[in-house]
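Any read-out appearing in this document is the output of simple, stated calculations on the displayed coordinates, not a laboratory observation. Source: prediction; values computed, not measured. So basically every Cβ, Gly included, is an ideal-geometry build from the backbone, and we count neighbours across all protein chains shown.
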C-alpha cells in the first residue's frame, strides 16, 4: 500500500517535471525566434571549393607558377614590363608552355 | 494525475507562442519589403544585405511583437476589470447572456493564468530587447516603449489582483457582521 502511494507520488512528480520542461520550452520558443535574421557577412557568398589566395590550383596541362621561388633564376630580359623592348625576337613566337619550360630548364 | 495549474498554463501559452513566432517571421519579411531592404531566405534564416537594414527591420519586428503582446494583455485586463465573474455588474451579466456572450465572463483561475503567461512573454521580450538594444541590434526607443508598456500592463494587472483580494476580504467581513447581528438578537 505504502509502495503504491510512493510510486504514485514519483509518477506525479515525473509528469509534473515534464510539464514544466514543456511549458518552459513553449515560453522560450517565441523569444528564440528573435534570433531569426542576420546580416550577410562580407565574402560569405563565396562558399564551397575555395582555396586560400596564396595557393594556385594545378590543373591538367598547366605548369605550376611558383614565380617567387624562381625569381632569381629568371633571365633579366624576361622581366621587362614592355614587351616591345625585349631583345629576344624568338621569345614572342613561343607559347606560354614553351616559355615556362625554357625558364625552368636549368632545374 | 497531471497538475491542473501546469496543464492550464501550457494550454494558455500555446496561442501566444504561435502568434509571436508568426508575427516575427511575417514582420521580418513585410518590413523589409516596405522599406525596400534586400534579403535572402536560406539555411541561415533571413539574411539582410546590410547591417543598417537589419537593425531597422529587427527594431520594427520586435516593436510589432511587443505591441501584439500588449494588445493581448489589454484584452485580458479588460476581461479582468469588467467581465470578471467575481465583480461583474448584474446588468452587464444580463446583457451578455441576452447577447449569448456568456463565455466572455471568466473566473479568476482562467484570467490569472492567461495574464501570467502573457506577462511572462512580455518580460522575456523586454529582457531580450534590452540586450539587443545594448548591442545595437535594435533602436533604443523600441526598448523604452517595451519598458513603458510592460510597466503599464503590470500595474493594471496588479490593480485587478488587489481588487480581487479586497473582495475576498470584504466577503469575510460581511460574514462577521452577520454574526454580530445574530448576537444582538
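Being more than 7 Å from chain A (Cβ to nearest Cβ) and not in a helix (DSSP H, G or I) is the requirement here; does residue B:22 meet it? No; evaluated as a whole, the condition is false for this residue.
The set of residues in region B:49-65 being surrounded by fewer than 23 Cβ atoms within 10 Å (Cβ to Cβ) and outside any loop (DSSP other than H, G, I, E, B) consists of B:51, B:52, B:53, B:55, B:56, B:59, B:60, B:63, B:64. Evaluation of residue B:97 against the conditions (1) in a helix (DSSP H, G or I); (2) touching a helix residue (DSSP H, G or I) at 6+ places or on another chain (Cβ under 8 Å) shows that the sole unmet condition is (2). Is it true that residue B:111 is farther than 20 Å from residue B:21 by Cα and either within 14 Å of chain A (Cβ to nearest Cβ) or surrounded by 21 or more Cβ atoms within 10 Å (Cβ to Cβ) (or both)? Considered against the rule, which asks whether it is farther than 20 Å from residue B:21 by Cα and either within 14 Å of chain A (Cβ to nearest Cβ) or surrounded by 21 or more Cβ atoms within 10 Å (Cβ to Cβ) (or both), residue B:111 comes out as yes. Restricting the search to region A:1-37, which residues are touching a helix residue (DSSP H, G or I) at 6+ places or on another chain (Cβ under 7 Å) and assigned to a helix (DSSP H, G or I)? Listed by number, the residues that qualify are A:16, A:19, A:20, A:22, A:23, A:26, A:27, A:29, A:30, A:31, A:33, A:34. Quick check on residue B:138: is it free of Cβ contacts under 8 Å to residues at least 60 places away in the same chain and assigned to a loop (DSSP other than H, G, I, E, B)? It is false that residue B:138 is free of Cβ contacts under 8 Å to residues at least 60 places away in the same chain and assigned to a loop (DSSP other than H, G, I, E, B).
Residue B:46 meets each of the listed conditions (1) in a helix (DSSP H, G or I); (2) within 10 Å of chain A (Cβ to nearest Cβ) apart from (1). For region B:25-43, a residue qualifies if it is surrounded by 13 or more Cβ atoms within 10 Å (Cβ to Cβ), more than 8 Å from chain A (Cβ to nearest Cβ) and part of a helix (DSSP H, G or I), and the qualifying residues are B:27, B:29, B:30, B:31, B:32. Taking the criterion of being within 16 Å of residue B:57 (Cα to Cα), out of contact with any helix residue (DSSP H, G or I) (no Cβ under 6 Å at 6 or more places or on another chain) and free of Cβ contacts under 8 Å to residues at least 12 places away in the same chain, the only residue of region B:124-135 that qualifies is B:135. Taken over region B:1-18, the criterion of being more than 8 Å from every other protein chain (Cβ to nearest Cβ) and either crowded, with 16+ Cβ neighbours inside 10 Å or not in a helix (DSSP H, G or I) (or both) is satisfied by B:8, B:12.
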